[in-house]
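First up is the structure itself, then whatever we jot down about it.
The values are calculated or read from the model by the stated rules, or taken from the named source; none is laboratory data. Nothing here was measured: the structure is a model prediction, and the numbers come from that model. No Cβ is skipped: glycine too gets one built from the backbone with ideal geometry, and neighbour counts run over all protein chains shown. Note: accessible area is taken over every heavy atom of the protein model, side chains too, but ligands, DNA and RNA are not part of it. Shrake-Rupley method; radii C 1.70, N 1.55, O 1.52, S 1.80 Å.
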Amino acid sequence: MANVSEDFLRLQSGYLFPEVARRIRIWQEKNPGESVKKLSIGNTTEAITPGIAAAMKRKIDLLTDRATYTGYGDEQGDTPLREALSLHYSREYGVSLPPSAFFVSDGAKSDAANIQSIFSRSSIPAIQDPAYPVYVDSNVAGGHTGEYGSHQGGYSGIVYMRADASNGFVAEPPKEHADLIYLCFPNNPTGAVATKEQLKAFVDYAHRERAIIIFDSAYTDYIETEGIPHSIYEIEGAEDCAIEIGSFSKNAGFTGVRLGWTIVPETIASDNAPTGTVHRLWNRRQCTFFNGASNVSQAGGLAALSEEGRKECASLVTYYKENARIILSGMKAAGLECYGGIDSPYIWTVCPSGMSSWEFFDFLLEKCHVAVTPGSGFGSAGEGYVRISAYGHREDIEDAVSSIKEKLR
Ligand code: PLP
């Protein structure tokens, strides 16, 4: 008889978004003919832009001709795309990384989940609370944690770094030892960004503790505040202690197309193997378990990094940022205390009148016909908040904001 994984069994019930979807479904069954404005999931809604779409169509044409057809590509990604990513980092962020450090993938989520697998089971993860759920769940499923219980409201074996209003939703490095430090800025769900000094404290910690930072920069194009780093490699010394995960989802609208990348410099050190081993093992992992990202997506990614493509991405990002501005000012006008929403598509909103996250979720659904995401789904420190997402058509965003303002006034 085969046994299922004890590590997977340790995962707590229902992933957040299916539960949100279930409650919306029940509400819709009870209210036929009414529609829900969904400001819940971070899913893009606007069309892929013309230049990027044209590049993907051209690639499809090449695939339909035997003379230009191509099958499997390199597991690490197409060389022109890796070169373009390397150039993008140097031009936009002043960061010098060779194309060989870039591993193209089918998106940031799978890389964020898989990266723990090349580290020892005994590696201790440090994760901000609240956080994008993949960091915690992948470490649980990968056997890096103990049981779920009362330990800081989560799993034993995880060092939770509490991010709340008192620290501007940017935790300080932990007092205790950790090996894998997960950071995400601009942050999902809080919308916070970290300054150079705040990130430098983590790089210093990583050097001191011989730890590795896993930096999720999926929302980097949303940063508008002067001086906020777009990449962890803008911090001196990060190239020997940090992995960065990026995505085309939220700037090029590739949530469905699927394309991302992970940067694993050869200079990253680890405690029990020579420098270069982390890079080599990620390469080994990708070559064994991954057959490369879609060649059509990669053609789109390459176009997104061209001068024209950058402008098209900027116009998409500007659209969602305007949505965020409308939500932020609307929620403030409704008397709600809000954070984020400036360098980020997420508005982290305090539940009024001492309501819990799910209570406020239900209130907004029942009274305003608006779905948001309960903050408690991102970790115990998210209790008492909801995350409002700026991904939506402008008219739906405006309707949702008017409805909330009307019912909360
Ligand atoms: N990282 C963060 C912080 C996210 O919020 C998301 C999606 O919402 C992802 C990664 C997933 O990105 P991708 O679509 O590239 O898998």
Helices (runs of 4 or more DSSP H) contained in the range 76-165 and holding at least 2 residues open to solvent by 20 Å² or more (accessible area, probe 1.4 Å) and either without any contact (Cβ under 8 Å) to a residue 24 or more places away in the chain or over 17 Å from G379 (Cβ atoms) (or both)
79-93, 108-114
Assess whether N31 counts as being over 25 Å from the mean Cα position of the chain (by Cα), outside the structural domain of N187 (by TED's automatic domain parsing), surrounded by 10 or more Cβ atoms within 10 Å (Cβ to Cβ) and not acidic (D, E).
yes
Taking the range 295-311 and keeping only residues that are open to solvent by 20 Å² or more (accessible area, probe 1.4 Å) and not hydrophobic (A, V, I, L, M, F, W, C), one is left with N295, S306, E307, E308, R310, K311
Does any residue of the range 382-404 turn out to be outside any helix (DSSP H, G or I), open to solvent by 20 Å² or more (accessible area, probe 1.4 Å) and among the aromatic types (F, W, Y)?
yes
Out of (1) farther than 30 Å from F289 by Cα; (2) without any contact (Cβ under 8 Å) to a residue 60 or more places away in the chain; (3) in contact with a helix residue (DSSP H, G or I) (Cβ under 6 Å, 6 or more places away or on another chain), the odd one out for Y69 is which?
(1)
Candidate set: the range 181-233, residues that are touching a residue at least 40 places away in the same chain (Cβ under 8 Å) and of a type in the set (D, E, K, R); chosen: the one surrounded by the most Cβ atoms within 10 Å (Cβ to Cβ):
D216
Can you tell me which residue within the range 336-365, out of those that are aliphatic (A, V, I, L, M) and open to solvent by 10 Å² or more (accessible area, probe 1.4 Å), is farthest from the chain's Cα centre (by Cα)?
M355
Per the filter on the range 234-264, residues more than 12 Å from the ligand (Cβ to nearest atom) and in contact (Cβ under 8 Å) with a residue 60 or more places away in the chain are E234, E239, I243, I263, V264
One residue is enough: does the range 34-47 have a residue meeting the conditions over 29 Å from the mean Cα position of the chain (by Cα), loosely packed, with under 14 Cβ neighbours inside 10 Å and in contact (Cβ under 8 Å) with a residue 12 or more places away in the chain?
yes
Pick from A101, A126, A112: which is modelled with pLDDT of 95 or more and touching a helix residue (DSSP H, G or I) at 6+ places or on another chain (Cβ under 6 Å)?
A112
